[in-house]
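The values are calculated or read from the model by the stated rules, or taken from the named source; none is laboratory data. A quick note: this is a predicted structure, and the numbers were derived from the prediction, not measured. All Cβ positions, even for glycine, are placed from backbone atoms using ideal geometry, and neighbour counts span all protein chains on display.
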Amino acid sequence: MKQISILGCGWLGLPLAKSLLKKGFSIKGSTTSVAKIPVLEAAGIKAFQIEVKESMIEGAIQSLLDQSEILIIDIPPKLRGLAAENFVKKMENLTSFIEQSSVEKVIFVSSTAVYPDDNNIVTEETQPKPDTESGRQLLETELLLHRNSNFKTTVVRFGGLIGEDRHPVHFLSGQDNIENPEAPINLIHLEDCIGIIESIIEEKCWGQTFNAVAPFHPTRKYYYTQKALELGLPLPGFSENRISAGKIIQGNLIESELNYTFKKPNL
């Protein structure tokens, strides 16, 4: 039985852990909340309360990593509000512990925010030029992990994450003057997030970078209007005053390298 460690058993990490358990893996997982420890343990996960900080790591990080060949990092940058952090420093701190552990392979959950909204078509060959602080720190973290010769890192750049309990239309419903009505959507369903990560492990695709976005790119105005009608929600209102800014993310390597077929292609 192969063991995998997941740093960050949140909205994606917890269902991913449950799916990997069903496939016969032994899973260690972390949370920053003591109240969530029993939830992880009830799912069959060996749970640890761990918080990665810029200058230290609180919790038994060595125990989380011990005897695992694969580490999945799924902790997003917290860059909003007064408590904005240096995510790159946190990951530099973490890498020193990975280097001393049994971990040989890392999967880093990143974002398509590393690409700017310049109305172009984006593939894995496109040079990232982030135009947000989150995108800049994610890209710097990707490079930090890729350059470390002590382990092989595969980066997965997810688009907007949606699931049965999470969809942007609930936030946009009833709002007025929403910007970028003609920009294309770049979303991915939770089921496909899990499926793609599992395919990376099964296909042993290490040292690579994947764009992970459903191959479905209607405009924001069309998609969210139709989704609101489908769910019986108040319609969102869009601003037509300025030219829309966006991008179309293509994940060409998902099919060619992973032989992966999307379960929720049309969202």
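Things worth noting here:
Residue-by-condition table, conditions (1) at pLDDT 95 or above; (2) crowded, with 17+ Cβ neighbours inside 10 Å:
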| residue | (1), (2) |
| --- | --- |
| Ile45 | yes, yes |
| Ser63 | yes, no |
| Ile70 | yes, yes |
| Val109 | yes, yes |
| Glu133 | no, no |
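- Some residue of the stretch 184-204 being charged (D, E, K, R), assigned to a helix (DSSP H, G or I) and in contact with a Phe, Trp or Tyr (Cβ under 8 Å, 6 or more places away or on another chain): yes
- Residue check for Glu85: in contact with a Lys or Arg (Cβ under 7 Å, 6 or more places away or on another chain) and not aromatic (Phe, Trp, Tyr): yes
- Annotation note: Cβ proximity below 9 Å between a residue of the stretch 32-57 that is closer than 18 Å to Ile4 by Cα and a residue that is among the aromatic types (Phe, Trp, Tyr) (sequence gap 6+ or interchain) occurs for Ile37/Phe48; Leu40/Phe48.
- Set Phe97, Phe87: member being aromatic (Phe, Trp, Tyr) and within 24 Å of Leu161 (Cα to Cα): Phe87
- Pick from the stretch 205-230, criterion assigned to a strand (DSSP E or B) and among the hydroxyl-bearing types (Ser, Thr, Tyr), ranking: farthest from the chain's Cα centre (by Cα): Thr219
- If only residues of the stretch 212-242 that are in contact (Cβ under 8 Å) with a residue 40 or more places away in the chain and of a type in the set (A, V, I, L, M) are counted, the one that is surrounded by the fewest Cβ atoms within 10 Å (Cβ to Cβ) is Leu231.
- Of all residue pairs spaced 6 or more apart or on separate chains, those with beta-carbon atoms under 8 Å, a first member in the stretch 144-165 that is over 19 Å from Ala212 (Cα atoms) and a second member that is surrounded by fewer than 19 Cβ atoms within 10 Å (Cβ to Cβ) and of a type in the set (A, V, I, L, M) are Leu144/Val88.
- Just one of the listed residues (Ile61, Ile27, Ile70, Ile57) is among the hydrophobic types (A, V, I, L, M, F, W, C) and farther than 22 Å from Thr154 by Cα, and it is Ile57.
- Hits in the stretch 9-42 (condition: surrounded by 14 or more Cβ atoms within 10 Å (Cβ to Cβ) and more than 21 Å from Asp192 (Cα to Cα)): Ser26, Lys28, Ser30, Thr31, Thr32, Lys36, Ile37, Val39, Leu40
- Hey, Ser111 among the polar types (S, T, N, Q), in contact with a helix residue (DSSP H, G or I) (Cβ under 8 Å, 6 or more places away or on another chain), more than 17 Å from Gly8 (Cα to Cα) and in contact (Cβ under 8 Å) with a residue 12 or more places away in the chain or not: no
- Restricting Ile248, Ile178, Ile188 to residues that are surrounded by 13 or more Cβ atoms within 10 Å (Cβ to Cβ) and under 15 Å from Val156 (Cα atoms) narrows the list to Ile188.
- Every listed requirement among (1) modelled with pLDDT of 95 or more; (2) under 23 Å from Gln127 (Cβ atoms) is met by Phe97 save one, (2).
- Some residue of the stretch 167-180 being in contact with a strand residue (DSSP E or B) (Cβ under 6 Å, 6 or more places away or on another chain) and in a loop (DSSP other than H, G, I, E, B): no
- Neighbours by Cβ (under 6 Å, 6+ apart or cross-chain): first from the stretch 244-267, closer than 21 Å to Lys204 by Cα and part of a loop (DSSP other than H, G, I, E, B); second among the polar types (S, T, N, Q) and modelled with pLDDT of 95 or more: Gly251/Asn211; Tyr260/Ser199
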